[in-house]
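Written below as structure tokens is the structure these notes are about.
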Amino acid sequence: MRYAFFPGCSLHASAKECAMSANAVSKCLGIELVEIPEWNCCGSIDAVYAYNPFLSVSLSARNLAIAEKMGMDIVTLCSACFFTLSRASNILRENAEIKKRVAEVINDAGLKFEGGVKVRHYLDVLSNDVGVEEISRQVKVPLGGLRVAPYYGCLVVRPKVIQRFDDPEHPTSMDSVIEALGAEAVYYPDKTRCCGASLVITDESVMMEMAKGLLVTAKNMQADCLATLCPMCHLNLDAKQRDIESHFGVRFGLPVLYLTQLIGVAFGLDPKELGLNRNLVSPMKLLQKTKCG
Amino acid sequence: MKMPGGDKILDCIQCGVCAGSCHARFAMDYSPMQILKMVHLGLRREVLSSSTIWICASCYTCASRCPRSLDIPAIMSGLKNVAMRTNVPAPVALKPIFHRQFTEIIGRYGRMHEPELKMRLMKKTNPFEILQNASFGVRMFRKGKVRLRPSRIGSSTHFSEIFRNASNEERRR
Amino acid sequence: MTIPPSIGVYICHCGGNISDTVDVAKVKEAITKSHGVKICETYDYMCSKPGQDMIERDINEHKLNRVVVASCSPRMHLDTFRRAVKRARLNPYLLDMANIREQCSWVHDDKELATTKATAIIRGMVERARHLEPLEAKKIAVNRDVAVVGGGIAGILASIELADKGYKVYLIERSPSIGGRMAQLSKTFPTLDCSACILTPKMVYVSQHPNIEIIDMAEPIAVNGSPGNYSITVTIRPRYVDKERCISCGECARVCPVKKPSEHEEGLTQEKSIFLPFKQAVPNAYVIDRDLCLWFNKGVCRVCERFCKGKAIVFDQKEEIRELKVGAVVVCTGYQQLDPRLSKEIFGGLDLFGQYGFGLHPDVVTNLQFERLMLQGIHRPSSNNPPKKVAFALCVGSRMDQGVQYCCKIGCMNAIKQALLLLKAVPDAEPWIFYTDIRAHGKGYEEFYSNARAHNVKFIRGRVAEVVPNGDSLILRAEDTILSRQVEEEFDLVVLSPALLPNEGSAELSKMLGIDLGLDSFFLEKHHKLRPVDTKREGVYLAGCALGPKDIRETTIETMATASKVTTFLGKGELSVSPEIAHILPERCNACEECVKYCPTKAIESTPSGVVINSISCTGCGICVARCPTEAIDLKHSTDAQLIAQIQGTCTGEGDRPLIIAFLERTTAYGSADLAGQTRVSYAGSVRIIAVPSTGRVSLRHLLHAFASDADGVILIEGDDSPFQEDQVREHVNNMKKELGRFGVESLRVASTTTTLPQYDKVVNLFQTFHERISKMKRIPPEKRQKIAEALAGSGSA
């Protein structure tokens, strides 16, 4: 299974552990993630899109065109990039005029966009191309009933333009993966509730209020940790957790792991390979408690 | 460029499911539903200076439940676009500055470079406000989550040309 | 034709309405010279008694065998003149009328042009008259029995209405008992009548009525025949219990080991795989669910048989097929509620109940389930305690692009009713109704709504965003759009108002019956305002929610209307059938069955002895005629010979002026042109109108004849309400235009449109603009016309 891999800006910096764990896990599962050469920023959900929407679509189109040259579908780990590339793909498909103008722009670099490339999320690949049985088969260290709150976030399941692979209100694909690892996917009513990631720089207090709600619910459901997909969500819930705690005067101490990190732990992979030491709220004590890692 | 979404504003039946679903509603002065009504009525000033359009996090909960399938986040983006192009001041000055600086950095490197973004924003607004995040920055740095040098695209890719042409495309029209 | 035609032509002055513009003397002179015209007279008022007497006298004296009256529109006096010739013992179909008033003298000012045109129109009619044949209207006996499909309140009341009037009714019901949805309701709005109390006496009345036969467990699988003489084949599923012997003691259910969710209780409680649908079921007998019964699945058990007091269990009962012969069919198939399974099936995998937490927590229920809870003694499904704080979420899946577009019509009133019933049962309860619009349209509804507000039912204007289970209770979020703030409240029970859809099997039934479904996928009535319970097929009627969601009162009113329509249709015991119908020319038919596909009234059938057109079902539209690839169908009173003769006759004229032939569908489009005349609107005199049953009857050959015979342009206009619809008209005309290209005739020389009756300005506008277009184009050169004529002669269809 080969895919054109679009990392996105976060994976090269603040969310390196997402890429690390994904690569490690992909090796075990026979997934080959071929990084799109010289990829550029996806075009942003809103930062560039609201400023200059045509530019945003053009940025997305450049990535789509390179992937088309590679002859493979795009897979991304970042939900925001997933949405942005899907949106652009949809706009180009439905609006002939914009398609023409974008084509003129990217043609300067010798790139063409025909629309044959699908944009998919890594969770989709895990659920539908690999399958839960295969994941279960490769589990060497079952996670011993670890209570995991599956946090999907918003853009992996929702807008119409994305390649829908799960229910927008009550998705279960990540739950199934978690269960396959021997952990317990806890009932988590906020599983698709927005964390406010896009507001982290400009409206930090609003974002913290939104993220706090998610952490409170997870605690109420007696989750041991949160599993997340998107690097933006992860930043909000993990890296910003201490700030949220001090801002509101509460204490969570709730580890937030990438789903791929969890899978890697269950596969018995080296924690360093999974970047577990990079999570700001350390998951180490938790993983030791459940006799894994 | 006419972005998708705006043509359906007249379809809105003002049911309120968008406002009821909105996770950022608590921080908005007008609800998303009200903004749609106000656009319909041409209340330009109120809409463009509302906090609502700047707070929308594009989570798409509203759009997925809207019985008229309105693309509300796209409409909010569009309104922000109008506000920025016509220089209507946002409730928080930082916001339009953020959009512009973000875009410029992408133009420079082809990819985001957070430290530079932070620095540019500090320069343009209140440096001390940004410094409040200093402890956060330090924590991130300690965990190796801060790239000191930007990740950039190679120059042979003609990326800058594409960026420049796409940026100016609108102006050329 | 062995006897040569002897035609009498009568040109009316119409008191100056015609003669002031048309030089009737000149016309008379020209027509008298026409071949086959025995006598040609003019008279002041042909429709007067002396005028009619003149015709009768001439028929006898001059042995006329064809009559053409050139006067006003046939829509005025066709019947008058037909009766006149009948009195003279001439077959009425041997008379025709030339419209030289509404479509000539009233719409042209130029006398010379009007005279030329009038002459041509009459000549066309004369040519047609030479080919007219005597025809007889048939009278056929009709079967006075009626089949009612669906045994809910609509079917029950329709059956009673008809049976009381003396008609025999077969009431066909799919489930084991009649009663439908009403049997599940507690009380009805706004009167708070007990639903079962008003329904069950009707059910008993039906079961005891000598004229009604209930056929339960039955569904139609085929419908054949024609209006007044239908044959419905129904399949009757076995209930594995002998209805006559079952005494409903319930012993079988007591000992049955298999449990299943109760259908009547909407899955809230369990029943056994042998069950009585509900206590007041009619027929009152048990039935075995074959899918769950251990005997049918594993070959064991049969305990019920041992304990059955009436020895009524019959495990080897077989499916039965019955053929019912009826004169009319009434469709009362009702509705079903949207549920998650149906939602995913119909709406591209989308579960529209997802945001409401339906299925995630037992205390999120539908309004129908709430009815059952009320009757069980109101309690939360999760415990047995009464609910205190109850939310009603309206429009679930309704008024949505992603779901159904239409309003369910009864959701608001139902919720208000349920809120009031809740307060009666639980005085300190707190009902909250979350709405987008409160629709309280019916009699007593607004007062009912006011009453609810007075009882402190909370109304929040905002469509519910989400319902999230939170341990024992439910958190509901919505925006209070009036106060402009988000509402987040905890509830014991949430009641949803799901969208209402047509019942399962509606699409198949509509195909069987040859009727249509509307855009909302409910059965389609013939006309929204004036024919609300008829369908496009004669003898097939609709009533109740099969047409669309509605309340019980409206259903009742509709069934009364439907029953009345049925009795009008069947009351005389016979139907008069027009002889102007299509028939197959067997020597040319190669049984390709193209015509079967296109007939809008399912009148054409493929039988072992060949393709047959049912003379009673055929409405004479002629769409099949043009579709037949071997020209094996002809249409009485609009035969090919008649039409071509009329075209050739109408295309005579002198001068260099362009000539346009307009084929108008004879009811609506023709009527619209008449209206233009009545309004005295002028248009170009180049346009000469020929009435056809439908423009679908006009084929390439007729256009070619027109162009060969001096026409420079052809217009086709169809009525908006015709079975030959706009997109079909366009396709038909485009195909003909393509073929015309082979003969070197430009496609610009053909135009078409559809029109409603009052849109005469649209018709006139087309005439004018087309005339201008054709005037700018040169007249078709004689060589080209000659070539076309040769081609027509060569194909043996001149």
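Listed values, structure above:
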quantity	calculated
From A:LEU111, A:LEU123, A:LEU146, residue being within 14 Å of another protein chain (Cβ to nearest Cβ) and either over 19 Å from A:ILE263 (Cα atoms) or modelled with pLDDT of 90 or more (or both)	A:LEU111
Subset tally (residues that are out of contact with any strand residue (DSSP E or B) (no Cβ under 6 Å at 6 or more places or on another chain), of a type in the set (Gly, Ala, Ser) and buried (at least 18 other Cβ atoms within 10 Å of the Cβ)) for the range A:164-184	3
Set C:GLY403, C:GLY411: member being buried (at least 22 other Cβ atoms within 10 Å of the Cβ) and touching a residue at least 24 places away in the same chain (Cβ under 8 Å)	C:GLY411
Subset of the range C:675-696 [at pLDDT 95 or above, of a type outside the set (Val, Ile, Thr) and closer than 22 Å to C:GLU746 by Cα]	C:ARG688
Residue list for the range C:163-188, restricted to those being of a type outside the set (S, T, N, Q) and in contact with a Ser or Thr (Cβ under 7 Å, 6 or more places away or on another chain)	C:LYS165, C:VAL169, C:LEU171, C:MET182, C:LEU185, C:LYS187
Number of the exception - C:VAL540 against (1) under 22 Å from C:GLU173 (Cβ atoms); (2) in contact with a strand residue (DSSP E or B) (Cβ under 6 Å, 6 or more places away or on another chain); (3) modelled with pLDDT under 95	(3)
Pairs where the first residue, in the range A:59-86, is outside the structural domain of A:ALA227 (by TED's automatic domain parsing) and the second is of a type in the set (Lys, Arg) and buried (at least 24 other Cβ atoms within 10 Å of the Cβ), C-beta under 8 Å, 6+ apart	A:SER60/A:ARG87
Matching residues in the range B:133-145 - criterion: being of a type outside the set (D, E, K, R), within 25 Å of the chain's Cα centre (by Cα) and at the interface with another protein chain (Cβ under 7 Å from one of its Cβ atoms)	B:PHE136, B:MET140
Filter pass, C:GLY377 being away from chain A (no Cβ under 14 Å) and either under 42 Å from the mean Cα position of the chain (by Cα) or surrounded by fewer than 21 Cβ atoms within 10 Å (Cβ to Cβ) (or both)	yes
In the range A:185-200, residue surrounded by the fewest Cβ atoms within 10 Å (Cβ to Cβ) [restricted to those that are of a type outside the set (A, V, I, L, M, F, W, C) and outside any helix (DSSP H, G or I)]	A:TYR187
Residue in the range C:144-162 that is in a loop (DSSP other than H, G, I, E, B), surrounded by fewer than 24 Cβ atoms within 10 Å (Cβ to Cβ) and touching a residue at least 40 places away in the same chain (Cβ under 8 Å) present	yes
C:VAL457 vs. criteria away from chain B (no Cβ under 14 Å) and either touching a residue at least 40 places away in the same chain (Cβ under 8 Å) or over 25 Å from C:ILE416 (Cα atoms) (or both)	yes
Some residue of the range A:190-198 being over 19 Å from the mean Cα position of the chain (by Cα) and within 14 Å of chain C (Cβ to nearest Cβ)	no
Evaluation of A:ASN23 against (1) without any contact (Cβ under 8 Å) to a residue 12 or more places away in the chain; (2) surrounded by 17 or more Cβ atoms within 10 Å (Cβ to Cβ); (3) within 11 Å of chain B (Cβ to nearest Cβ); (4) not in a loop (DSSP other than H, G, I, E, B) (one fails), failing number	(3)
Some residue of the range A:67-80 being at the interface with chain B (Cβ under 9 Å from one of its Cβ atoms), touching a Phe, Trp or Tyr at 6+ places or on another chain (Cβ under 9 Å) and closer than 27 Å to A:ALA13 by Cβ	no
Criterion: in contact with a His (Cβ under 8 Å, 6 or more places away or on another chain), over 19 Å from C:ILE410 (Cα atoms) and surrounded by fewer than 22 Cβ atoms within 10 Å (Cβ to Cβ) - qualifying residue of C:PRO386, C:PRO362	C:PRO386
A:VAL157 being modelled with pLDDT of 95 or more and outside the structural domain of A:MET20 (by TED's automatic domain parsing)	no
Residue among C:ILE438, C:ILE460, C:ILE433, C:ILE416 that is assigned to a strand (DSSP E or B), surrounded by 17 or more Cβ atoms within 10 Å (Cβ to Cβ) and under 40 Å from the mean Cα position of the chain (by Cα)	C:ILE433
Meets criteria (away from chain B (no Cβ under 13 Å) and either of a type outside the set (Phe, Trp, Tyr) or more than 19 Å from the chain's Cα centre (by Cα) (or both)) for A:LEU276	no
Which listed residue, of C:LEU483, C:LEU519, is among the aliphatic types (A, V, I, L, M), surrounded by fewer than 16 Cβ atoms within 10 Å (Cβ to Cβ), within 14 Å of chain B (Cβ to nearest Cβ) and in a loop (DSSP other than H, G, I, E, B)	C:LEU483
Sole residue being part of a helix (DSSP H, G or I) and within 11 Å of chain B (Cβ to nearest Cβ), chosen from A:LEU55, A:LEU64	A:LEU55
Failed item, numbered, when A:PHE113 is tested on (1) crowded, with 16+ Cβ neighbours inside 10 Å; (2) not assigned by TED's automatic domain parsing to the domain that holds A:MET70; (3) not aliphatic (A, V, I, L, M)	(2)
Near pairs, Cβ below 9 angstrom, 6+ apart or cross-chain, from the range C:301-329 (farther than 14 Å from C:TYR286 by Cβ) to any residue that is among the basic types (Lys, Arg) and assigned to a strand (DSSP E or B)	C:VAL326/C:LYS168
Residue pairs meeting the criteria (Cβ under 8 Å; at least 6 apart or on separate chains; first within 7 Å of chain A (Cβ to nearest Cβ) and on the phi > 0 side of the Ramachandran plot, in the range B:147-168; second surrounded by fewer than 18 Cβ atoms within 10 Å (Cβ to Cβ) and charged (D, E, K, R))	B:HIS158/A:ASP108
Condition check for C:GLY741: buried (at least 23 other Cβ atoms within 10 Å of the Cβ), assigned to a helix (DSSP H, G or I) and on the phi < 0 side of the Ramachandran plot	no
Which numbered condition A:GLY30 misses (of (1) out of contact with any strand residue (DSSP E or B) (no Cβ under 9 Å at 6 or more places or on another chain); (2) at the interface with chain B (Cβ under 10 Å from one of its Cβ atoms))	(2)
Lone unmet requirement of (1) aliphatic (A, V, I, L, M); (2) surrounded by fewer than 18 Cβ atoms within 10 Å (Cβ to Cβ); (3) in a helix (DSSP H, G or I) for C:ALA626	(2)
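The values are calculated or read from the model by the stated rules, or taken from the named source; none is laboratory data. The structure presented is a predicted model; accordingly, all values stated were derived computationally and were not measured. Methodologically, a virtual Cβ is constructed for each residue, glycine included, from the backbone with ideal geometry; neighbour enumeration extends over all protein chains shown.
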